[in-house]
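Each remark here refers to the structure printed beneath this line.
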Amino acid sequence: MKLKLLFGALLFSAITANAQVSILNENFDAFTAGNTTFPQNGWSAVIATNPLPYPPAPMMIITTGANKAVQSYAGNNGTAPSYLITPQIVAPAGDKTLTFTSGLIDTSPGSSTIQVGLVSNPTDMATFTPVGNPITISTTTTQTYSVNIPVSTSSYIVFKITPTAAHTATLLDNVVYDTPALGTINENFNAFTAGSSALPQNGWNKVIATMPHNVYIAANNGSNAAQFYSANIPNTTAYLIAPKIVAPDGNKKLRFTTGVSAAANGSSTLEAGMVTSPTDMASFTSLGAPVTITTSSTPQTITLDVPTSTKQYVAWRFVGAANHSAVYVDDVIYDVLSSLGTSDIKSNTKASNFAINANNEIQFVGKSNVKSVKVYSASGNLVAQGAVNNNRFDVSSLATGVYVFTSEDNNKTVSHSKFIKK
């Protein structure tokens, strides 16, 4: 029994030691202060030796106070580097950026350089591979620095801190390793790989209820879309999460199309909101009322105001009311949509029956009394408008791409539809 327990403990320790993180967001405030506290919380240090037989030796310190930071102190060694090593990360794919703040303490007698790099072993600095150019730290004013981390098989980020004089003290704080925040989003999912395991992809993520098919990428009306599917477990939630955006300032809107997926077996609700991280759905704050989508619903184009917020992820919350409920989300725009005022985009009450004929015209079919059309690009710009003649509207001058159009009939009923110009 003791042997089994020991083996279990060793196995647990090995798993814990090798746990990898995909992002970093560390301000060190939760760390234990002191000059002998590394390793802690997955962070470690390799410290330069003391060239003299008396103190002070070089140290890697966690400062005291409410706003803690790492302080690399040169002690008697004014030339040799010390290294601060992050927790093990998932092998970099080249899609993330490292940012951090740094400056000297007031009494520092010299400057320093910080060289960001990667290592394969957190105790072996011989494997150190520099990333970017050395950064000179020569002022007590804290500044923010940014370094793109390239594709690599090495899975530890390292700060190599080299002083220019004995007793130089360099502060380092607010380390973030993540995908850069986007100012806008314009996504139709056509460049995505389809499949039940296609997310995460291109910065988009999902939080599923029970199975990969709860949120996935699949073809819809001739182009890819993000699909929600309740499978055999209705009334559970699943989420689609957009890439990280710059904290909203209230000047942009969110627009997307949604509708019932083919072969859906029941109604669903879909609600757009904001979350603090792609894994924290408890932080979901709604941007508008949930939309009910039934098996007879027609496609809708939804436009929502995005208010000022510290939350930096747009998310869609799906709840299927029955087994095999399914809806899609497509043509997502987050931008300054000045050309798409609230008077232009309304909740859809019916969709137009139409086809794109051989002459590149929108041809309305069936009993149609459509009198005018407005066509919008995927970026939300009005690109064509005018009267409908003989149930046709010419779109031959438009570039290849995905478009949304609104059509108004003689009864002033406005409909919304999407088409692909080939």
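The values are calculated or read from the model by the stated rules, or taken from the named source; none is laboratory data. Since the model is a prediction, treat every value here as computed from it, not as a measurement. All Cβ positions, glycine included, derive from the backbone under ideal geometry; neighbour counts span all protein chains shown. The accessibility values were calculated without ligands, DNA or RNA, using every heavy atom of the protein model including side chains. Shrake-Rupley method; radii C 1.70, N 1.55, O 1.52, S 1.80 Å.
Some notes on this structure:
- In sequence order, region 179-192 has phi-based couplings of 5, x, 5, 8, x, 9, 10, 8, 10, 10, 6, 5, 8, 7 Hz under the Karplus curve 6.51 cos²θ - 1.76 cosθ + 1.60, θ = phi - 60°, and Gly or Pro positions carry x.
- Nearest 10 degrees, 0 to 90: helix 2-17 Cα axis against the chain principal axis: 70
- FRET efficiency estimate (nearest 0.05) - Cβ-Cβ, A321 to T99, R0 56 angstrom: 0.85
- Within region 181-212, backbone nitrogen closer than 18 Å to the virtual label 7 Å beyond the Cα of I23 toward Cβ: 181-186, 199-208
- Residue-wise HN-Hα coupling along region 406-422, computed from phi with Karplus coefficients 6.51, -1.76, 1.60 (Hz; x: Gly, Pro): 10, 10, 10, 9, 5, 8, 6, 8, 9, 10, 10, 8, 10, 9, 10, 8, 9
- Taking each residue as 0.36 nm, the span from A33 to A80 lengthens on full extension beyond its C-alpha to C-alpha distance by 14.5 nm.
- Between the amide H of G78 and those of A166, distances stay under 5 Å, these residues lying 5 or more places away or on another chain, with hydrogens modeled in the peptide plane.
- Gain on full stretching of the segment that runs from E408 to T64 - 0.36 nm per residue minus C-alpha separation: 117.2 nm
- Value of [θ]222 nm, deg cm²/dmol, for the chain, DSSP H segments ≥ 4, -39500 (n - 2.57) each, nearest 500: -1500 deg cm²/dmol
- Amide H contacts of A238: F318, each under 5 Å away and 5 or more positions distant or on a separate chain (H built 1.01 Å from N in the peptide plane; Pro and chain starts excluded).
- Charge-dipole axis of region 24-178 as Lys and Arg at +1 and Asp and Glu at -1 on Cβ define it, positive-most pick from S82, I135, N50: N50
- Pair A91, N121: separation of 7 Å Cα→Cβ label points (nm): 1.8
- The modelled label-to-label distance between A263 and T49, using points 7 Å beyond Cα along the C-beta direction, is 6.9 nm.
- Pairs of Cα atoms farther than 22 Å apart, region 24-178, %: 36
- Chain lengthening between A194 and T179 when straightened (0.36 nm per residue, less Cα-Cα): 3.2 nm
- Rounded to the nearest 20, the Cβ-based charge dipole of the chain about its Cα centre (Lys and Arg +1, Asp and Glu -1) stands at 840 debye.
- Whole-number accessible area per residue in Å² for the chain, which is evaluated in the context of all protein chains at 1.4 Å: 47
- Reported value for the chain: 189 Å³ per residue, from the convex hull of its C-alpha atoms.
- Vicinal HN-Hα couplings computed from phi for region 114-123 (Karplus, 6.51 cos²θ - 1.76 cosθ + 1.60; Hz; Gly/Pro x): 10, 10, 6, x, 10, 9, 8, 9, x, 10
- Within the accessible area of region 280-329 (1.4 Å probe), percent carbon and sulfur: 54
- Charge context of P248, other residues only, Cβ under 11 angstrom, K/R +1, D/E -1: +1
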